[in-house]
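The values are calculated or read from the model by the stated rules, or taken from the named source; none is laboratory data. Values in this document were obtained by computation on a predicted structure and should not be read as measured data. Quick reminder, even Gly has a Cβ in these numbers, built from the backbone with ideal geometry, and neighbours come from all protein chains shown.
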Amino acid sequence: MTTTSELIFNLMPTLFVWLLGIVFTIIVVTFIFDISQSKNAILKNYPVVGHFRYLFSNLGEFFRQYFFAMDREEMPFNRAERQWIDRASSDKDNTIAFGSTKNLNIPGSIIFINCSFPMLDSDAVKTRTVTIGEDYSKYPYAAKSIFNISGMSYGAISKPAVLALSGGAKKADCWMNTGEGGLSPYHLKGGGDLVFQIGTAKYGVRNDDGSLNDQKLADVAQHDQVKMFEIKISQGAKPGKGGILPGVKVTTEISNIRGIPKGVDSISPNRHIEVSNASELLDMINHVRDITEKPVGFKTVIGHIRWLEDLLVEVNKRGVEFAPDFITVDGGDGGSGAAPMALMDNVGLPLKEALPLVVDKIMQCGLEDRIKVIASGKMITPSDVAWAICAGADFVTSARGFMFSIGCIQSLKCNKNTCPTGITTHNKRLQKGLNPESKIVKVENYVNNITKAVEVIAHSCGVREVRLLNRMHVRIVQPNGKSIPMNELYSLCVEGED
C-alpha cells in the first residue's frame, strides 16, 4: 500500500514540470505584452527583465537602511537616532563605546558648552512647571513636561496607535495634541492631557460649509482632559497647503468624528477662511478663547516674518490680554502625513533658523512673559530638545519620535494604508501587531529618558535645571569648521546661570 509520503515523492517530478510550465508561460505572456505595448520604452526594449528595475527601485528604500546607509547618513532619520529611541523606549542602557560616530565638523552642528564645574546631582532641582494662559484664561494649563506629543490625527494614525499614545501621555504626565482630525473616544480613553487642534477644515467643530461651529467647540471644551486649543495655520509637511487624508483612510467612524463624507479624499483648505491677516488671526484666537475659556495659541511654519511682527505689534496695541497664549513653531522640513514633495522639500524655514527668529521677535516686543513658545519638527533626541530650550522654547513636541517609540520602522508608507507596524493604517490585520498596553509603557519610557538625558546636558552645562539653559550654552559649527556661540548668531539671549 502506497503511503502519503511516497505518493507525494512520486508526484514531485510531475509537479516540478507543471511549475516550470507555469513559469515559462508567465514569461512568454509577459514578453508578448511588453514587446507589444508602446507606453513604456524600458519594457518594450527590455521585455521581462525591465520589470526588475521597478522591483529593485521599490525595494531599495528598505534595503538601504539595513545594508547600505551608514549610522548617521540616512534621511529623514538615521539609524543612530532610531536606535537611541528604541533603547530609550525599552528603558535599556543607552551608553555607547569607542567614541562618537557623529561628525561635528559639519556646518550647523550643535556643540553644548560644558562647565568646568558641572552641577552636582545633589544640587540639581526638578524642571519647573510652566503655566500657559495664566491670568488670561479661566482655566490656565500648568504643563509639567518639557517634551510632549505633537499633532497626529485619528485617521492619519490608527486606533491602537492613538490608544498607545494617549495612555502613554497619561503615565508620562505630558500632553498629547489631537492633530486636526478632531477628538476621538480613543484620545479620551487614555486619560492624558490633550491639546485640541483646529485645522483649516475645522474637523470635529465644523459646520457643513466648513465654518466654525461655536456649540461644537464649547462641547469639546467641556472635557476636563482638553487643556488647550491650537489653531493650525500651517505645518512643516505642507506649508501653503491644507491637510491631506486619503479616502481609503476615511472610515465610517472617522467620517462621523470629522464631519466629512466616507471614503472620499479629505483635503483641507490651505488657510482658515476667516483669517487673511494678522489682525483676523488675533480675532479668531480671542473668539476661541472666549468660548472655551482655556488657553489658545496657533501653530505655524515660518516663511516671511513680517506678518508675525504685525501680529505682535497689534497685540501691544490691543493689550497683552489679547495675545495668543502660545505659538507653536514648526520646521519646514516635513512631517509624518501625506504631502506634496515640492512643498515638503522646498517650502518653509527649518526649525533651527525659524525658532530663534520667533523668540527674538517676541522678546523685542516685550511679550516673552506672556507668550509661551513650543518647538515642533524633527525634535526626537535629547540634543534636539536641549537645543530648542537653549534657543528659547518653553516646550518641545514630537510626532515621529513617538511613532518610533511605539514601533515605527520608517517604512515611508504613512501616506498609504499599508503601514507594516499598524501605526498609520486602518487595515485590521496590520493593526493586530500593535498592542496598546505594551506600547503605553514604551511611550512613558521614551518621555522619561528624554527628560533625564536633557537634564544631564543641563547639569553638564552648569545649570540646576533644564529651563535655565540659554543660547550661551550652545555653539554652532560654521562653514570654516570653527564654532561660534549661538547668542552671537542671533540678536538676543536670555541671561542665566553660567
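Numbers at a glance
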quantity	calculated
Residue list for the range 133-154, filter: in contact (Cβ under 8 Å) with a residue 60 or more places away in the chain, aliphatic (A, V, I, L, M) and farther than 21 Å from GLY199 by Cα	ALA143, ILE146
Among (1) surrounded by fewer than 21 Cβ atoms within 10 Å (Cβ to Cβ); (2) under 24 Å from ALA169 (Cβ atoms) - the single one SER376 does not satisfy	(1)
Of all residues making up the range 192-233, the number that are within 27 Å of GLU134 (Cβ to Cβ), part of a loop (DSSP other than H, G, I, E, B) and aliphatic (A, V, I, L, M)	2
Test set (1) within 24 Å of the chain's Cα centre (by Cα); (2) at pLDDT below 95 - ILE285 fails condition number	(2)
Residues (within 15 Å of the chain's Cα centre (by Cα) and within 19 Å of VAL373 (Cα to Cα)) located in the range 132-162	PHE147, ASN148, ILE149, SER150, GLY151
Unique match (being within 22 Å of the chain's Cα centre (by Cα), of a type in the set (Val, Ile, Thr) and assigned by TED's automatic domain parsing to the domain that holds LEU163) among ILE423, ILE476, ILE484	ILE423
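Results for (1) modelled with pLDDT under 95; (2) surrounded by fewer than 23 Cβ atoms within 10 Å (Cβ to Cβ); (3) farther than 23 Å from HIS473 by Cβ, shown as yes or no for each residue.
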site: SER398; (1), (2), (3): yes, no, no
site: MET403; (1), (2), (3): yes, no, yes
site: GLY407; (1), (2), (3): yes, yes, yes
site: LYS413; (1), (2), (3): yes, yes, yes
site: LYS432; (1), (2), (3): yes, yes, yes
site: ASN435; (1), (2), (3): yes, yes, yes
site: ILE450; (1), (2), (3): no, no, no
